[in-house]
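Here the structure is laid out as structure tokens; the discussion comes afterwards.
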Amino acid sequence: MAERKTVTLLVTGMTCGHCVMATRKSLASVPGVSEVAVTLDPPRAVVTYDPAKTGVDRLEAAVREAGYAAFAAPAAGA
């Protein structure tokens with residue numbers, strides 16, 4: 001079974017449901033992504049992915065491709 005990681009991306013620029021859908025669709029299209037949950041309040045995306053197929057940089061790029069900015073939230077305890 002492939003290793004899975006989960007990251008929370010803080011997203012800026014989303015203002016409506018369409019923004020949430022566009023961000024979710026862009027993230028879901030990244031190879032290795034298995035789960036995506038995007039919320040407007042707070043504006044974030046929680047993504048589960050296979051680190052052998054993709055990484056946080058590529059996930060952040062997918063959000064940028066959707067028209068928004070994102071950065072990984074600091075890990076708990078960091």
For the range 9-36, what are the residues that are surrounded by fewer than 18 Cβ atoms within 10 Å (Cβ to Cβ), within 27 Å of Ala52 (Cβ to Cβ) and touching a residue at least 40 places away in the same chain (Cβ under 8 Å)?
-> Leu10, Lys25
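Starting from residues that are closer than 10 Å to Met14 by Cβ and free of Cβ contacts under 8 Å to residues at least 40 places away in the same chain, keep the ones in the range 43-76 and report whichever is surrounded by the most Cβ atoms within 10 Å (Cβ to Cβ). Walk me through how you get there before you give the answer.
Pass one, the range 43-76, residues closer than 10 Å to Met14 by Cβ: 43-45, 63, 66-70.
Still in the list and also free of Cβ contacts under 8 Å to residues at least 40 places away in the same chain: 43-45.
Working: Pro43: 19, Arg44: 18, Ala45: 26.
By that ranking, first place goes to Ala45.
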Take the residues in the range 35-78 that are among the polar types (S, T, N, Q) and closer than 21 Å to Ala2 by Cβ, then tell me which one is farthest from the chain's Cα centre (by Cα).
-> Thr54
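Throughout, read-outs are computed from the coordinates displayed, never taken from laboratory work. Note that the structure is a prediction, hence the values are computed from the model and not measured. Note: ideal-geometry Cβ built from the backbone for every residue, glycine included; neighbour counts use all protein chains shown.
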